[in-house]
Amino acid sequence: MGSARSSLPWLRHLSAHVHEHALRIGVVLSIALGVLTACVDLAAPTTPSVQVHAGAKFEMSCPSNVTVEQCTALQDAIANLKNSGDAFCSSLGSTIEGRFNRNEIVYDPNTSYYGYVYGNGDSNIYLGPIAFGPGELANTLAHEESHLSLGYEDSHNGSSNDAYAAGDRCAGSI
């Protein structure tokens, strides 16, 4: 028993040394993991979540499943609506920009529609791939927003509360 007691201070010293090195290794591993995570994040080819549109001077969060080109097209269409000389279209554009910044513009790659809304508490505008065709995006956004904000119907008769007429009125050059 005498020899076991004489080895206890040595074991305590060794245990303290091992603990100290384990802490250092933990710190090194934590730093390495942070660097690795940062490298993976930098290497991931994703759509930027926030882009600044130089012409429009506003920030917008792009849907995660759109391409950079689609995001730019959305920004351009919203800027076109906001900067319209038609107060009705400009107002729709401002409302759409707010909706976009709240992530209420959703890309649905599986729909055959230009766009759609559900209403009844769902404040999203859903856009399909064909909405990104030439000259379609501003029209589709204005059309769908007129459903949500103004309660317009798809009457196809050109009346003042026709969503198709609102889209055509606001489509502009984009």
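Read the figures in this text as sums done on the coordinates, not as results from a lab. In this text the structure is predicted, and so the values were computed from the model without any measurement. Cβ placement follows ideal geometry from the backbone for every residue including glycine, while neighbour counts extend to all protein chains displayed.
Other residues lying with their Cβ under 14 Å from the Cβ of HIS156 contribute a combined charge of -4, Lys and Arg counting +1, Asp and Glu -1. Summary of the geometry: segment 76-94 and segment 110-174, compared by the centres of their Cα atoms, lie 14 Å apart. A protection proxy built from the mean count of other Cβ atoms within 10 Å ranks the segments 69-79, 156-166, most packed first, as 69-79, 156-166. One decimal place: the segment SER64-ASN157 gains 29.8 nm when fully extended, by the rule 0.36 nm per residue minus the C-alpha distance. Under 5 Å between amide hydrogens, built in the peptide plane, is the criterion, and for VAL106 it picks out ILE125, TYR126, LEU127 among residues at least 5 positions away or on other chains.
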